[in-house]
Every structure is written in structure tokens, then in C-alpha cells.
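The structure under discussion appears below in the form of C-alpha cells.
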Amino acid sequence: MQTARRIAAIPPYLFAEIDRRIAEKRAAGVDVISFGIGDPDLPTPDFIVEELARAAGDPSTHQYPSYFGLPAFREAVADFYQRRFGVALDPSTQVLPLIGSKEGLAHLPWAFVDPGDPTLVPEPGYPVYEVATILAGGEPVHLPLSAERGWFPDFGAVDGAVADRAKILWLNYPSNPTAAVATLDQFEDAVRFAADHDLLLAHDNAYSEITYDGFVAPSVLEVPGAMDVAVEFGSLSKIFNMTGWRIGWVVGNPVAIEALGRVKTNIDSGIFNAVQRAGLAALRSDLPHLPGLLATYQRRRDRIMDVFWEAGWKVEAPKGALYVWLPTPPGESSVRFTQRLLDDAGVVVAPGSGYGPSGEGYVRLSLTIPDARLDEGCERVRKALVGR
Ligand SMILES: *Cc1c(COP(=O)(O)O)cnc(C)c1O
């Protein structure tokens, strides 16, 4: 049996060695606390669960859903964009429901990338953009990010000829893993760059509502002219603690929406209608759970920052997403520092190098672990780093 070349082209899973060591520790009886996984620990709000139960009891939800989603769900996404970002969307041509935003992100290159075509992939970043490009036969071209530039690409440093050949420019703010946020000015630069080089700008806004210290995340579609070059991915996963439900959307340029929709009609058969009805109830609500959710994450973020500040780290607390992104001590690699925290504190963090070469020298800590475990983990890290 022989697998396809594209399987061999998928980059190695850099967390494999860490996973092996975690298993070893657990087998040796160590109570390992993981800050490694970004998956909300809090439950989906009751009103959404209740709507799912109601909708699941209605037999009309039991058949194949429409490929293009319930019209009412598309309208709810469009209304959310109007209310939240002041962006007007035509629900029939500029909104496409997805089986989680990852599904759409992974299928997008099938609609835009021919074999050998580059896509521009900022790194460190969410691995899906790179791997999806490879699976479609394209060639990811890294845009290295750095703390100095706020983890935002330096478009002036991109080879113009490569940009002209490229098909997609990926962006993600608030960002996984760097927790960086972007301003509307930065999005303007990205839209201009995409227009200059005839690129599809694909912005992943999965963390749009997860921001701190009063920062309000913009939509890339707020930029004048963005509708000509951009799509934006959104998701109920992080905003409503619904990662297991698998529902999201892509909005924006109608040609891109139509092309992705055409790919999807040949691959999947839509989202369970009861999940869409619950999802539209979530989007039509005034997000009653959100202030409490953000207060919880911000408290956890500050708890982690206190530990590292006490240990001498001079870094700002992040303004968005579900992570703290921290430099390792001078001269210590991401993997080495990760191993030290596991050995000395029984605490798992994600090595930054797993998200791209420019993530070397950083680690990512997730805010999605229950308060008591987070407190215990922080105390152990404090003891390991401060030594008392
Ligand atoms: C969690 C996450 C998503 C959301 O994925 P879903 O498929 O909607 O659950 C998308 N992009 C990034 C960067 C994420 O971290």
C-alpha cells in the first residue's frame, strides 16, 4: 500500500515528542496540568443548549440540510455583522455557513490554488493555512512575524514577484498562537497589498469577541474596498464555548463564497439544521454570557502574567484570543523550556516552534483550564521559576 505524496508533504507534528513525555510523566504518577490545549472549558450557555433540544425534537430538522445553510442562519450572521461591525452583507451571496471555520479554511485552497501556486502564510500561525495549501498542491510561502512588528506581516519585505504569483494571503487577528490583535489601519495595509497583487485576503476572525482591556477587534470587511478582495471566517466555537458543535461561517467577496460553496457541495452535506437553529439563537442574542466569560479569561490571563512578571519577564499582557505568548529565557529553546516546565512543575505548555520557525524562543499558554487547576499550575510554575 502506498500513500499519496501529499501525505508525506505534511510537516511533522512537532508536539509528538512532548506528547510522549507527558504520557511518560502520567504513567509515572505525576499529576500533569496542561496549559497546552485551546478549547474552552466552560459549557455552552443554557439558552443555546435548550434551543438545540427544541430543534432536535422537530422532525423537519432530521433530513439533509441545505448545502448553503438555513436562510435564517445566513440572515443571523449578516445581522450580527451589521450590528457588531457596521458591515452590510447580502445573506444569499456573501454568507456561507461552515461545519466549523476550520472546515472552510481547509477547503478554501481547493477553490483558489492550482498545483504549484504559492499562498502567503504568516508564521508562527494556526497550522491549517499551511497544511491546507499543501493538500491542494500549493506552496506555502512563509511571512515571518516578530514581536518588534507586533506579530503582523511586513508587507514591504515580501518579494513582489512571489506575491504576484500567490493566490491567498492568510491573516488571523486576534491571533492563535501569538495572542496579538490588529487595528483597522493594519487591515487597510493588508487590503491594499492584496489588491495590488490580486490576492484573496482570507482573514480568520475566530476570536473576534475574545478581547481584553477594552480592545474591540475590527473586521477586515470594515476596510473600504475589502469586499473586492477579502473573505472573513467566523465561528461560534470560541465566542459561545461551542467547539464541539461544529458551526461557523465565511463572509465577504461573493465570487470567493461561490467558489468555496462549489467545492463544498461536492464534499459535505451541510450542518445539522438543529445546530443551525441553536446557532442562530446564539447570534441573535445580546451575548449575555460574554462579559462573564471575558472576565474569567482576563482574570486567568492576569494570574499567569503575575507569575512571569514576578519571575522577571518584561512583557505586556495580551489583548486578545485565549492565550499568553511568552518568550523563553535567553538561550533556552522553546522545546527545552517546555521540557523544563514539565520536569520541574509538571506543567505542559505548547512550544512556539510548533507554530512555525519564527515561534522559536516562545511558548504558548492557554487560558482554557478550570480556575482551580490554573491556580495550582501557576503556583507550581512560580515555584519552579522563582524558587520559593
Ligand atoms: C479555534 C480556532 C478556530 C475555530 O475553529 P472551528 O473549526 O470554528 O472550531 C479557527 N481558527 C483559529 C486560529 C483557531 O484557533
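The values are calculated or read from the model by the stated rules, or taken from the named source; none is laboratory data. Everything numeric in this text was worked out from a predicted model, so none of it was measured. Here Cβ is always computed from backbone atoms with ideal geometry, including for glycine, and neighbour counts include all displayed protein chains. When the accessible area is computed, the model is the full protein with side chains, heavy atoms only, and any ligands, DNA or RNA have been set aside. Shrake-Rupley method; radii C 1.70, N 1.55, O 1.52, S 1.80 Å.
Things worth noting here:
- Local net charge near H289, Cβ-Cβ under 11 Å (Lys/Arg +1, Asp/Glu -1): -3
- Charge-dipole axis of the stretch 179-265 as Lys and Arg at +1 and Asp and Glu at -1 on Cβ define it, positive-most pick from G244, F215, L260: G244
- Tail weight of P(r) past 25 Å, computed on alpha-carbon pairs of the stretch 46-284, percent: 39
- Each part gets one Cα centre, and for the stretch 248-267 versus the stretch 203-236 those centres are 18 Å apart.
- The Stokes-Einstein estimate for the stretch 51-160, based on a Kirkwood radius over Cα pairs and taken at 4 °C with 1.567 mPa s viscosity, is a diffusion coefficient of 76 µm²/s.
- Restricting the stretch 246-335 to trypsin sites (Lys or Arg not before Pro) that sit in a DSSP loop and have at most 10 other Cβ atoms within 10 Å of their own Cβ leaves K314.
- Loop-resident sites, the stretch 291-385, for chymotrypsin sites (Phe, Trp or Tyr not before Pro), counting at most 14 other Cβ within 10 Å (DSSP): W313
- Loop-resident chymotrypsin sites (Phe, Trp or Tyr not before Pro) (DSSP state other than H, G, I, E or B) in the stretch 153-227 with no more than 15 further Cβ atoms inside 10 Å of their Cβ: F215.
- Heavy-atom accessible area with a 1.4 Å probe sorts M1, M305, largest first, into M1, M305.
- Cα-Cα over 30 Å, subset of K102/K314; K25/K319; K238/K264; K167/K264: K102/K314; K25/K319
- Among G359, G252, G292: highest mean-square fluctuation, GNM of the chain, C-alpha pairs under 10 Å: G292
- Largest GNM mean-square fluctuation across S66, S175, S34, computed for the chain with C-alpha springs under 10 Å, falls on S66.
- Here the Gaussian network model covers the chain, with springs between Cα atoms less than 10 Å apart; of G100, G86, G248, G86 fluctuates the most.
- Solvent-accessible surface ranking, highest first, for D79, D117 at 1.4 angstrom: D79, D117
- Rounded to the nearest whole angstrom, the semi-axes of the ellipsoid equivalent to the stretch 168-207, taken from the Cα gyration tensor as √(5λ), stand at 19, 11, 6, largest first.
- MRE, 222 nm, helices only [DSSP H, n ≥ 4, -39500 (n - 2.57), over the chain, to nearest 500]: -12500 deg cm²/dmol
- Take every Cα pair under 8 Å whose residues are at least 6 apart in sequence, average their separation, divide by the length of the stretch 46-284, and the relative contact order is 30 percent.
- At q = 0.12, 0.13, 0.21 Å⁻¹, base-10 log of I(q)/I(0) for the stretch 272-382 (Debye sum, equal scatterers on each alpha carbon): -0.51, -0.58, -1.12
- Contact order normalised by residue count of the stretch 251-388, Cα under 8 Å, 6+ apart, percent: 22
- The charge dipole of the chain, taken about the Cα centre with unit charges on the Cβ atoms of Lys, Arg (+1) and Asp, Glu (-1), comes to about 940 debye, rounded to the nearest 20.
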